[in-house]
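Undergrad: Take this structure, written in structure tokens, and hold onto it; I'll ask about it next.
A short reminder: the numbers here are calculations on the coordinates, not readings from a lab. Being a predicted model, the structure only gives us computed values, none of them experimental.
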Amino acid sequence: MDPVNTPVVKKRKKKKLNTKKIIIILLSLAVLFSALAVIIHFTTRVTNESYANCAVGDVNGDGKIDPADATLVIKYLVNQENLFSNQIKNSDVNLDGDVNSLDALLILRYSIGDISSIPYDEEKEMLLNGSYRSKRTVKGGSFTSTVQIVNEWDNNDGTHSYQVNLTVRNDSDTDSDSWKADVAFDKEIISLTKSWDCNSFVEEQSITLGGEEIAAGETATCGFIFTAEDNIALTNLTVR
């Protein structure tokens, strides 16, 4: 072989890795990913914050409370729709701390004019439709109690007799040793005719009732019949 005419093949030198450049690239990628994370975070935050000033019941944020909001709540409950935290907050229209089908129903009732306002105020609605005179529900301590005038009849002597039922639910995780409830009326009680499943004591315009142990999560019921003037109304209920 003629060494003069033989082409010379140059060997490529292997480039050494530039550590400084690698560090710069890695740092650039880290900054880029951090920036993306910040953008995603603030995008989510802005989307959630856009519902912050919406009225309770306006779940979809369109400025109206209508069946579309109730539908959105139902879809959320059956895992067909995701809601932001402010939307969930606006879905709790009875302000009981829980979003459920009752909230969707109240939104529907409001949209057709069946209730007057949202957030839903049970006492206000009862006053408006007159039933507040004959029924009350309150929470006291670990108990929730409901008292209701369920029957009334004329004694034909200027007085009326009233049958009242009371339920007391123990909301705590432990059994209660005893319970006591005070039921007040707007007129003086003439006499307590009968009571059952509880102790009872009359004092002018109120009746104090008491009972024994109620297991955790269980409900006690009792009742009484009393005599008073016509058209009597409940004014207060306390339970402890």
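Undergrad: What percentage of all Cα-Cα pairs in the range 130-239 are separated by more than 17 Å?
TA: Numbers: 2983 of 5995 pairs.
Taking all Cα-Cα pairs of the range 130-239, the fraction more than 17 Å apart is 50 percent.
Undergrad: Show the residues, 5+ positions off or on another chain, whose built amide H is closer than 5 Å to the amide H of residue 172.
TA: 217
Undergrad: Just to check I understand the Karplus step: with θ = phi - 60° and J = 6.51 cos²θ - 1.76 cosθ + 1.60, what whole-Hz values come out for the range 164-175, glycine and proline as x?
TA: Working through the residues one at a time gives 10, 10, 10, 10, 10, 9, 8, 7, 7, 8, 10, 5 Hz.
Undergrad: Moving on. Normalised radius of gyration for the range 166-220, please: alpha carbon Rg relative to 2.2 N^0.38 Å, two decimal places.
TA: Here the answer is 1.27, to two decimals.
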